[in-house]
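Novice: I have a structure here, written as structure tokens, and I will follow up with some questions on it.
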Amino acid sequence: MKYAVCINHVPDTAAKITVGSDGKTIDKGGVSYVISPYDEFAIEECLRLKEKNGGEVTVVSLGSDAHKESLRKALAMGVDKAVLLKDDSTRDSFSVARALADCLQEISPDVIFFGKQSVDYDDSAVGLMVAEMLGLPSISVIVKLEIADGKVTAEREVEGGREVVETKLPAVFTAQKGLNEPRYPSLKGIMAAKSKPIEERPASAAPPKVEVLGMQKPPARLAGRIVGTDATAVPELVRLLHEEAKVI
Ligand SMILES: Cc1cc2nc3c(=O)[nH]c(=O)nc-3n(C[C@H](O)[C@H](O)[C@H](O)COP(=O)(O)OP(=O)(O)OC[C@H]3O[C@@H](n4cnc5c(N)ncnc54)[C@H](O)[C@@H]3O)c2cc1C
């Protein structure tokens, strides 16, 4: 069985982000980068499937040399092969998906995993676009997965409950928090990953279909106002919430 996981290399969720001087991208200076958290669930699930059913796990990332740091961490977690689709050009979700789909077609995995969303641009688009491009079934936002004799049963989160769905392999999945608890790389894994090769391939070109015109930080929060400290303040508080804040 062949498994493939696509991972993005994104700013640490705790990083303080500022908009770059072009007003269109983030300022990368001083920002530390990590594997996008939902992609870690995807890696863990493929490792567990491999441990149960045998096979090989390949991790793929599209981007600059900096992505090697996340690929190296995936290798330390236990994946077998890492591929960097090397590219520094401007790409949108479609363009990212096109290059990943072309690479995955060559690898021809039975199971293809993505995170449900990349925590940088939050499009939640790439995984399902790749499924469409490859003509494969997809199950998104999964919290449970069972594979037996080529038959797949997955549970996905829906508002207020879970939906149980079936499909056949090959198929594409996007991982939601709760699917599993990602492992930490062991010291042995970290040492072994240092000598594992990262294969570099050119990313296939696909002109972007959307363009980022600008990025803005949310407006600064206004200072709070204390209308009183006992029950006599309640009518004024209600009036302000109704007439000024317009929230009730
Ligand atoms: C080379 C390059 C240049 C870029 N330039 C710009 C730019 O100039 N301006 C700008 O605003 N944005 C830029 N981006 C960001 C790009 O627009 C987003 O990364 C892309 O649209 C994906 O959207 P998302 O991050 O919201 O992914 P989602 O659709 O939220 O991602 C879902 C899942 O897809 C997979 N995935 C996403 N991205 C990658 C990846 N790169 N490699 C492997 N798997 C992935 C992950 O599994 C992820 O969990 C660039 C990205 C790349 C790779």
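The values are calculated or read from the model by the stated rules, or taken from the named source; none is laboratory data. On a predicted model such as this, the values are computed, not experimentally measured, just so you know. Positions of Cβ are backbone-derived with ideal geometry, glycine not excepted, and every protein chain shown enters the neighbour counts.
Novice: Starting from segment 105-119, keep only residues that are modelled with pLDDT of 95 or more and part of a loop (DSSP other than H, G, I, E, B), then list their pairs with residues that are among the basic types (Lys, Arg) and away from the ligand (no atom under 14 Å from the Cβ) whose Cβ atoms are within a distance under 9 Å, requiring at least 6 positions of separation or different chains.
Specialist: Ser108/Lys2; Pro109/Lys2; Asp110/Lys2
Novice: Here's something else I'd like to know. Residues being in a loop (DSSP other than H, G, I, E, B) and more than 16 Å from the ligand (Cβ to nearest atom): count how many of those fall in segment 126-178.
Specialist: Counting residues in segment 126-178 that are in a loop (DSSP other than H, G, I, E, B) and more than 16 Å from the ligand (Cβ to nearest atom) gives 8.
Novice: Please state which one of Val158, Val141, Val164 is loosely packed, with under 14 Cβ neighbours inside 10 Å, β-branched (Val, Ile, Thr) and in contact with a strand residue (DSSP E or B) (Cβ under 7 Å, 6 or more places away or on another chain).
Specialist: Exactly one of Val158, Val141, Val164 is loosely packed, with under 14 Cβ neighbours inside 10 Å, β-branched (Val, Ile, Thr) and in contact with a strand residue (DSSP E or B) (Cβ under 7 Å, 6 or more places away or on another chain), namely Val164.
Novice: Still on this model: Residues in segment 41-66 that are acidic (Asp, Glu) and under 11 Å from His9 (Cα atoms): how many?
Specialist: 1
Novice: Quick check on my filter: what residues within segment 111-125 are charged (D, E, K, R) and either near the ligand (Cβ under 6 Å from one of its atoms) or surrounded by fewer than 18 Cβ atoms within 10 Å (Cβ to Cβ) (or both)?
Specialist: Of all residues in segment 111-125, those charged (D, E, K, R) come to 116, 120, 122-123.
If the condition is that a residue be charged (D, E, K, R) and either near the ligand (Cβ under 6 Å from one of its atoms) or surrounded by fewer than 18 Cβ atoms within 10 Å (Cβ to Cβ) (or both), then Asp120, Asp122, Asp123 are the ones that fit.
Novice: If a residue must be touching a helix residue (DSSP H, G or I) at 6+ places or on another chain (Cβ under 9 Å), closer than 17 Å to Glu45 by Cβ and not small (Gly, Ala, Ser), how many such residues does segment 110-125 contain?
Specialist: Count: 6.
Novice: Then there is this: Could you tell me which of the residues Leu100, Leu84, Leu75 is within 11 Å of the ligand (Cβ to nearest atom), under 25 Å from Ala193 (Cα atoms), part of a helix (DSSP H, G or I) and modelled with pLDDT of 95 or more?
Specialist: Leu100
Novice: Check segment 177-190 and report whether any residue there is surrounded by 10 or more Cβ atoms within 10 Å (Cβ to Cβ) and in contact with a Pro (Cβ under 9 Å, 6 or more places away or on another chain).
Specialist: Yes, there is a match, as at least one residue in segment 177-190 is surrounded by 10 or more Cβ atoms within 10 Å (Cβ to Cβ) and in contact with a Pro (Cβ under 9 Å, 6 or more places away or on another chain).
Novice: So, of the residues in segment 195-212 that are in contact with a helix residue (DSSP H, G or I) (Cβ under 8 Å, 6 or more places away or on another chain) and outside any loop (DSSP other than H, G, I, E, B), which turns out to be surrounded by the fewest Cβ atoms within 10 Å (Cβ to Cβ)?
Specialist: So, considering only residues that are in contact with a helix residue (DSSP H, G or I) (Cβ under 8 Å, 6 or more places away or on another chain) and outside any loop (DSSP other than H, G, I, E, B), the one surrounded by the fewest Cβ atoms within 10 Å (Cβ to Cβ) is Arg201.
Novice: List every residue pair whose Cβ atoms sit under 9 Å apart, with the two residues 6 or more apart in sequence or on different chains, where the first one lies in segment 1-24 and is among the basic types (Lys, Arg) and the second, anywhere, is part of a loop (DSSP other than H, G, I, E, B) and within 7 Å of the ligand (Cβ to nearest atom).
Specialist: So the pair list comes out as Lys24/Val212.
Novice: What is the number of the single condition among (1) in contact with a strand residue (DSSP E or B) (Cβ under 9 Å, 6 or more places away or on another chain); (2) part of a loop (DSSP other than H, G, I, E, B); (3) modelled with pLDDT of 95 or more that Met215 does not meet?
Specialist: For Met215, the failing item is (3).
Novice: Here's another thing I want to ask about it. Do we find that Val126 is within 17 Å of the chain's Cα centre (by Cα) and farther than 14 Å from Cys6 by Cβ in this structure?
Specialist: no
Novice: Right, Arg48: away from the ligand (no atom under 12 Å from the Cβ) and either part of a strand (DSSP E or B) or over 17 Å from Ile112 (Cα atoms) (or both) or not?
Specialist: On the way: away from the ligand (no atom under 12 Å from the Cβ): yes; either part of a strand (DSSP E or B) or over 17 Å from Ile112 (Cα atoms) (or both): no.
The answer is no for Arg48.
Novice: Quick check: anything in segment 81-103 surrounded by fewer than 24 Cβ atoms within 10 Å (Cβ to Cβ) and within 16 Å of Gly189 (Cβ to Cβ)?
Specialist: yes
Per-residue answers, yes or no, for (1) within 22 Å of Ile7 (Cα to Cα); (2) polar (S, T, N, Q):
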residue: Ser118; (1), (2): yes, yes
residue: Ala131; (1), (2): yes, no
residue: Leu136; (1), (2): yes, no
residue: Ser140; (1), (2): yes, yes
residue: Lys144; (1), (2): yes, no
residue: Glu159; (1), (2): no, no
residue: Phe173; (1), (2): yes, no
